[in-house]
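Reviewing the structure listed below.
What follows draws every value from the coordinates through simple rules; no lab data is involved. Bear in mind that the values here come from a model prediction, so they are computed numbers and not experimental data. All Cβ positions, even for glycine, are placed from backbone atoms using ideal geometry, and neighbour counts span all protein chains on display.
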Amino acid sequence: MPTTAPYNVQATTPERVLFMAFERSDKTWKLGCTTGHGQKPRERSIAACHRAHVLHEVAQAKKRFGLPETASVVSCSEAGRDGFWLHRFLQAQGITNQVVDSSAIEVNRRQRRAKSDGLDVRKLLSMLMRFHHGARDVWRVVHVPTVDAEDRRHLHRDLETLKQERASTTTHLKGLLSSQGIRLTSLSKFSEPLEAL
């Protein structure tokens with residue numbers, strides 16, 4: 001009876017990934033982590049903008065889910081007023097991050113939406129996993145500008161804010177002068193006739 005050499009099949013199991021989502025507010029952030037759709041997310045509240053806490057929670061989540069320290073991390077957060085520093089920080093740590101446009105997140109319009117940070121972070125996690133596995137229509141990814149481009153955009157916004165403040169102050173001054181019976185069409189040379197007025 002002929003003997004056949006054993007056929008060795010290399011089992012290729014995909015590397016397990018830690019999925020992480022941020023729900024950010026001014027004082028606290030809700031951080032959710034999971035390894036897949038069947039896994040109950042690990043949710044933690046951390047102090048806002050605290051980089052060390054973020055890294056600590058990533059390490060703790062890897063331990064909790066039995067992942068090696070070298071396991072890949074894929075994360076997401078909504079674009080916000082605080083710019084893209086978190087995205088750059090995560091990328092520097094080797095974490096693949098997606099910044100998403102909150103106005104373009106897929107919503108089931110038939111369901112009445114409950115609102116809480118816990119629900120939001122779980123929804124983001126679910127969509128992140130779908131996006132990671134190829135569903136590109138769940139949201140719109142924001143193009144992250146360079147640091148210089150972001151700085152230039154902030155300068156423009158600061159200028160617009162200052163113009164609005166100037167208009168508000170001018171209106172306030174005209175109102176105060178009007179209450180004293182003084183009417184001016186322009187305040188550009190206000191200091192010159194001030195004593196006479």
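Based on the mean of other Cβ atoms within 10 Å per residue, sort peptides 37-47, 120-130, 56-66, 172-182 so the most packed one is first.
Numbers: 37-47: 13.6, 120-130: 20.4, 56-66: 15.6, 172-182: 10.7.
Sorting 37-47, 120-130, 56-66, 172-182 by mean packing, highest first, produces 120-130, 56-66, 37-47, 172-182.
Using 0.36 nm per residue of separation minus the Cα-Cα distance, give me the extension gain between Asp82 and His37 in nm, one decimal.
Numbers: separation 45, 0.36 × 45 = 16.20 nm, distance 3.01 nm.
Separation in residues times 0.36 nm, less the Cα-Cα distance, equals 13.2 nm.
Quick one: which of 73-80, 29-36 comes out on top by average Cβ neighbours within 10 Å, and what's the full order, highest first? Please list the in-between numbers first.
Details: 73-80: 20.1, 29-36: 21.9.
In decreasing order of mean packing, 73-80, 29-36 become 29-36, 73-80.
By how many nm would the segment from His133 to His50 lengthen if fully extended, with 0.36 nm per residue of separation less the alpha-carbon distance?
Details: separation 83, 0.36 × 83 = 29.88 nm, distance 2.97 nm.
Additional length available on full extension: 26.9 nm.
Can you list residues whose amide H is under 5 Å from Thr28's amide H, if they're 5+ apart or on another chain and H is modeled 1.01 Å from N?
Counting only residues 5 or more places away or on other chains, the set is Ala48.
Thr161 versus His143, label points 7 Å from Cα toward the beta carbon: distance in nm?
2.5
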